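Taken together, the values in this text are just the output of simple stated rules run on the coordinates, not laboratory data. All of these numbers come straight from a predicted model, not from anything done at the bench. When we count neighbours, we look across all protein chains shown, and the Cβ atoms used for this are built from the backbone with ideal geometry, even at glycine.
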Amino acid sequence: MAPTERGATGSSSSASSAAARTSASDAAARDLASSTADSSSADSSTADSSTAARSTAARTVADRRAATLALAHALSAAERGLSVIPLGRTKLPALRSPHHDDPQPALCHGECGRPGHGVYDATTDPHRIRELFAAAPWATGYGIACGLPPHHLIGIDLDTKSGTDASAGLRELALRHLFTIPPTVVVTTPSGGRHIWLTGPPHAVVPNSAGRLAPGIDIRGAGGYLVGPGSRTEHGIYSTVPGTGHLPPAPCPPTLLRLLAPPPSRAPRAPSTTQPDITPAAHPHSSNQEAQRGQGLVQFVLAAHEGQRNTRLFWAACRAYENGIGEALAPQLTAAALRVGLTEPEAHSTIASAARLTDHA
């Protein structure tokens, strides 16, 4: 029995030793695998950090390059007599107002001597321009102030984002009022719109407006600015249309300039002490003089020949709204337009355009 027990005992010891060796081997393998995984994770983390660092560095380099280019374009524009300011990627002035944190911000246009007053900072002085851009190293574009000498710049902004065909609207206005846009600087926007540069006479003050001329047509005048070509924004780069960059801004056609002028203010009418004489065709609240003027405008439309019907209707509707009888006279003007051959939708559209132009829409 002894040899058998010893053999069994030896066999058991051998098995235990083998099991111990296997367990140790498995533990070593697990440690190795864990170490390898930790190493791989560390390598991956290091790689991610390196990629992020490279990306940040690339953005920094790109931003510096954009700022350098913006300054160069701004200085070039200033050489042409255009007053400029630095803009950020959002197309807004790059410098915040120095009065932003004041308890009661003062109405300051730069009299305080500090930068950050938007278009009132605009200048053609190269030294001052460099100072402005140095104070806003994040600037990636520049704005060109409108209405300032020597050019008295006027910007016609043809928008495309609203879904309207602003270019077609401008062509229609040109046909109605018999003017043409002369060769001039045209800038394309990242959204596909266009900025047409024109100049006005020194005495003319053209106000800023949105959609007043026609849907999608905005005007940049006194107190406004245009994004300069070469500017980089969140949505892309502004560029001059090929063949127009070397042109000087062209004078605004006189007819278009009249359309851009602010509508005349009407003095309040003195109350009448007598009962007005009202004709059957007049509005119940119109005076006899207004009724006669209104009937003259209606006859003006009725005398239109083919090719001038829209133009006459638009002119008559503008005069009616300017004299305070547009709403009352609109039905009669529509009827006159139908009699000379316009369709009802055409007549309504033309009269509505006149109402917008005279700020009565």
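Model label points for Trp138 and Ala168, set 7 angstrom from Cα along the Cα-to-Cβ axis, are 4.1 nm apart. Once the C-beta distance of Thr311 and Leu247 is scaled by a Förster radius of 41 Å, the resulting FRET efficiency is 0.90 to the nearest 0.05. Modelled spin-label separation between Leu178 and Leu338, with each label point placed 7 Å from Cα along the Cα-to-Cβ direction: 3.0 nm. Rounded if a/c is under 1.5, else prolate if a/b beats b/c, else oblate: with a ≥ b ≥ c from the C-alpha gyration tensor eigenvalues square-rooted, which is region 60-131? The shape class here is oblate. Would region 289-361 count as rounded, prolate or oblate if I go by the C-alpha gyration tensor, calling it rounded below 1.5 in a/c and otherwise prolate when a/b exceeds b/c, oblate otherwise? It comes out oblate by the Cα gyration axes.
Rounded, prolate or oblate: which fits region 146-254, taking a ≥ b ≥ c as square roots of the Cα gyration tensor eigenvalues, rounded meaning a/c under 1.5, else prolate when a/b beats b/c? Rounded. Within the shell of other residues whose beta carbon sits under 14 angstrom from the beta carbon of Ile196, the net charge comes to 0, with Lys and Arg scored +1 and Asp and Glu -1. Taking a Cβ cut-off of under 13 Å around Pro207, the surrounding Lys, Arg, Asp and Glu residues balance to a net charge of 0, with basic ones at +1 and acidic ones at -1.
Extension gain for His127-Ala303 works out to 57.2 nm (0.36 nm per residue, less the C-alpha to C-alpha distance). The stretch between Ala261 and His100, if pulled fully straight at 0.36 nm per residue, gains 54.7 nm over its current Cα-Cα span.
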